[in-house]
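What follows is a short report on a single structure.
The numbers here are math on the coordinates, done by the rules we state, and not lab data. These numbers were taken from a predicted model, which means no experiment stands behind them. With ideal geometry, Cβ positions are generated from the backbone for all residues, glycine too; neighbour counts draw on all protein chains shown.
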Ligand code: NI
C-alpha cells in the first residue's frame, strides 16, 4: 500500500472520471492520499473531497500562481476551514515559483510569508512548492524555524536537501525520479535518510516513465516506489512501508 502525499484530485483534468477513479484507488494500492489546495477555491474542493472519502486528507493554501489572492480575508477562510474539518492536515501548497513570473516575486514572497505565519499559528506542517527560487525559499523558511513540512517535487541540490533534512523537513519525489535525465533527483534520493523521503504523483502532472506527458493519476505511484527501491537497493515492499510511515509522520495522521 502507498501514500500519495501530493495529488490534485480537484483538478479539472479529473472532471470526467473523478468519482470512478477515487472509488477505485484503495483497491489499486493507494491507502492514503493528500490533496493540497492551490487557491481558495481549490482548497475548498480539497476539503470537500476529504470529507467524502475516508482515505483522503486535505491541505489549504494558495500556490505561488495564486499568490495575488492572498490577503487577511483569504487567511480567515483557511482558518475557518481548518477549524471545521479535522482532516485538513497542512497548509499548502505555498511557496515561490520564479520559472514563470506571471505573479511578481514580491507578491509571491508576501503570500508565502503570510501563509507560513498561518501554519505557525495553527501548528500545522506546510507543503512547499519551490521552483528556481532556492535561495529566497531557504531565506524565507529560515524566518520561521518552528514551521517544517515537505519540499514537494524537489528540484534543489543534494546539499540543500541535506540542510532541509537537518532542520526537520521532508523531501517529496514525483515521477521526475523515473526520467532518464533525472540525475539530480536521483542523487538526492540516494543521499538523504530514507526516513525523510515521501512519494507523490503531483497528478495530473509529472507522469512517470513510461507514461511521460500523459495525464498522471495516483495509481502510478508504484513506479516511483519501484525506482526508489532500485536506488536504495531495498525490496519494494520495504519502500512502501517506510514511505507510508513517513507520510503519516509528516502530516501527523
Ligand atoms: Ni502540486
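Placing a label point 7 Å from the Cα of residue 121 along the Cα-to-Cβ direction, the residues of the stretch 82-99 whose backbone N falls under 13 Å from that point are 82-83. Taking a ≥ b ≥ c as the square roots of the eigenvalues of the Cα gyration tensor of the stretch 46-162, is the shape rounded (a/c under 1.5), prolate (a/b larger than b/c) or oblate? Prolate shape, in that a/c is at least 1.5 and a/b is the bigger ratio. Only helices enter the 222 nm calculation for the chain: every DSSP H run of n ≥ 4 contributes -39,500 (n - 2.57), and dividing by all residues gives -13000 deg cm²/dmol, rounded to 500. The DSSP beta bridges internal to the chain are antiparallel in roughly 0% of cases.
Rank the residues 180, 248, 214 as a footprinting-exposure proxy: fewest other Cβ atoms within 10 Å of their Cβ go first. Don't skip to the answer; put the middle values down first.
On the way: 180 7, 248 17, 214 11.
Placing the least packed residue first, the sequence is 180, 214, 248.
The stretch between residue 23 and residue 76, if pulled fully straight at 0.36 nm per residue, gains 15.9 nm over its current Cα-Cα span.
Once you reduce the stretch 182-209 and the stretch 95-114 to the center of their Cα atoms, the two points are 24 Å from each other. Backbone N atoms of the stretch 138-159 closer than 17 Å to the 7 Å Cα→Cβ label point of residue 179 belong to residues 152-158.
Stretch residue 232-residue 68 to full length: gain in nm at 0.36 nm per residue minus the Cα-Cα span? It would help to have the intermediate numbers written out before the result.
Working: separation 164, 0.36 × 164 = 59.04 nm, distance 4.10 nm.
Between residue 232 and residue 68, full extension yields 54.9 nm more.
Extension gain, residue 194 to residue 139, is 17.3 nm, computed as 0.36 nm per intervening residue step minus the present C-alpha separation. Each of 91, 171 was scored by other Cβ atoms within 10 Å of its Cβ. Arranged with the fewest first, they read 171, 91. Would you mind classifying the stretch 172-253 by shape? Square roots of the alpha carbon gyration tensor eigenvalues, ordered a ≥ b ≥ c; an a/c under 1.5 is rounded, otherwise it is prolate if a/b is larger than b/c and oblate if not. Oblate is the answer for the stretch 172-253, as a/c is 1.5 or above yet b/c matches or exceeds a/b.
Here the contact order of the stretch 14-83, divided by its residue count and restricted to Cα pairs under 8 Å and six or more residues apart, works out to 27 percent.
Mind sorting 60, 176 by how few other Cβ atoms lie within 10 Å of their own Cβ, fewest first?
Working: 60 33, 176 20.
Fewest to most other Cβ atoms nearby, the residues stand as 176, 60.
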